[in-house]
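Visitor: One structure, pasted below without further comment.
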Amino acid sequence: MKRLEELKRNNDTRYFTNGKVSFPLDLSKITYASRIDLEHAMYAERDEECDYPTINELIASGSLQEKSYIKMCDIDYEKYPAQVRRMDEKQIDALLKRVQNKFKANGFNVTLEALVHNLNAWLLDYKSGYLDEANKYHLFTPCGCNPLSFRASELDEHCRDWQTTYEA
């Protein structure tokens, strides 16, 4: 067993807490299947067998909460590429304006430029990111085989390796 306090925050935005014990998700050392002894703030290494509950089990029981180090907002639509491709320009503009307004209501000043960038990548079945340093957010959209969704996250020094503008 190792001490939870030895886990260091990396580029993941998630951490866990029960009010007394807090620790980051460091996927190089633990996963949701890792076994945790909250009473002694310890975790089992991957090849170590023990009877402590997993992170998933602790979350399900309410003994542990998953949190984020940074503010994020997700906007999800059940629209696949074929449905969006059938939309005319006015419908696309209206959709993106609704998305922009939802982000604004949640404290993110997401630009239409960012939304168009990510929508175009999604239509080509690319995942994408858009870094807007002026407005202090990063916008992520998964590839087009997924329902249309946008995730805005506030900028954070720990996330610089993935908070970039790209299409892949």
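Visitor: Test residue 7 against the stated conditions and say whether it is in contact with a Pro (Cβ under 7 Å, 6 or more places away or on another chain), assigned by TED's automatic domain parsing to the domain that holds residue 59 and free of Cβ contacts under 8 Å to residues at least 60 places away in the same chain.
Guide: yes
Visitor: Can you give me the number of residues within the stretch 30-57 that are without any contact (Cβ under 8 Å) to a residue 24 or more places away in the chain and either surrounded by 15 or more Cβ atoms within 10 Å (Cβ to Cβ) or under 30 Å from residue 108 (Cβ atoms) (or both)?
Guide: 6
Visitor: Can you tell me which residues in the stretch 120-143 are within 14 Å of residue 85 (Cα to Cα) and buried (at least 21 other Cβ atoms within 10 Å of the Cβ)?
Guide: Across the stretch 120-143, the qualifying residues are 121, 122.
Visitor: Being aromatic (Phe, Trp, Tyr) and in contact with a Gly (Cβ under 6 Å, 6 or more places away or on another chain) is the filter here; which residues of the stretch 97-142 pass it?
Guide: Result: 122, 140.
Visitor: For the stretch 116-168, enumerate the residues that are charged (D, E, K, R) and within 16 Å of residue 99 (Cα to Cα).
Guide: Matches in the stretch 116-168: 151 only.
Visitor: Here's something else I'd like to know. Please count how many residues of the stretch 123-143 are touching a Leu at 6+ places or on another chain (Cβ under 6 Å) and touching a residue at least 40 places away in the same chain (Cβ under 8 Å).
Guide: Summing the residues that are touching a Leu at 6+ places or on another chain (Cβ under 6 Å) and touching a residue at least 40 places away in the same chain (Cβ under 8 Å) in the stretch 123-143 gives 0.
Visitor: May I pose another question? Pairs, please: C-beta under 6 Å, at least 6 apart or cross-chain, first residue modelled with pLDDT of 95 or more and of a type in the set (D, E, K, R) and in the stretch 93-110, second outside any helix (DSSP H, G or I) and surrounded by 16 or more Cβ atoms within 10 Å (Cβ to Cβ)?
Guide: So the pair list comes out as 102/75.
The values are calculated or read from the model by the stated rules, or taken from the named source; none is laboratory data. Keep in mind that this is a model prediction, so the values were computed, not measured. Neighbour counts run over all protein chains shown; Cβ positions are idealised from the backbone, glycine included.
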